[in-house]
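Everything on this sheet refers to the single structure shown next.
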Amino acid sequence: MLIRYDADNHTQLVETLSLYLQNNCNILHTADAAYTHRNTIKYRITRIEELLRVDLQDASVRLNLHLALYLHQFILTT
């Protein structure tokens, strides 16, 4: 769903989510890695939670999303 949303709306939510998870859910580190203002990252994370109807504070949700992103990347590269 998030991939389609990005394609339809020319957003970078999948990339933001990936960076967010790679940076241990740290807004400042994610903003630095994305060369983006922290408020933009906060907005995107909130939007991701709304679209996916998840709470990124839940460790099992983060694990599932992280695995889904890895699988998606694996499928794209094979």
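The values are calculated or read from the model by the stated rules, or taken from the named source; none is laboratory data. Since the structure is predicted, the reported quantities are computational estimates derived from the model, not experimental observations. Protein only, heavy atoms only, side chains kept; ligands, DNA and RNA dropped before computing areas. Shrake-Rupley method; radii C 1.70, N 1.55, O 1.52, S 1.80 Å.
What are the residues in the stretch 51-63 that are farther than 15 Å from LEU19 by Cα and either in a loop (DSSP other than H, G, I, E, B) or of a type outside the set (Val, Ile, Thr) (or both), if any? Break it down stepwise before answering.
As a first pass, look at the stretch 51-63 and keep what is farther than 15 Å from LEU19 by Cα: 51-55, 57-61.
LEU51, LEU52, ARG53, VAL54, ASP55, GLN57, ASP58, ALA59, SER60, listed by residue number.
Can you name the residue in the stretch 12-25 that is assigned to a loop (DSSP other than H, G, I, E, B) and open to solvent by 50 Å² or more (accessible area, probe 1.4 Å) and is also farthest from LEU56 (Cα to Cα) among such residues? Give the derivation first.
Initially, the stretch 12-25 is screened for residues assigned to a loop (DSSP other than H, G, I, E, B), giving 12, 23-25.
Next, only the ones that are open to solvent by 50 Å² or more (accessible area, probe 1.4 Å) stay: 12, 24.
Details: GLN12: 17, ASN24: 11 Å.
Selected residue: GLN12.
Matching residues to (1) on the phi > 0 side of the Ramachandran plot; (2) open to solvent by 60 Å² or more (accessible area, probe 1.4 Å); (3) small (Gly, Ala, Ser):
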{"site": "ILE45", "(1), (2), (3)": "no, no, no"}
{"site": "ASP55", "(1), (2), (3)": "no, yes, no"}
{"site": "LEU63", "(1), (2), (3)": "no, yes, no"}
{"site": "ALA68", "(1), (2), (3)": "no, no, yes"}
{"site": "PHE74", "(1), (2), (3)": "no, yes, no"}
{"site": "THR78", "(1), (2), (3)": "no, yes, no"}
Yes or no: ILE48 in a helix (DSSP H, G or I) and modelled with pLDDT under 95? no
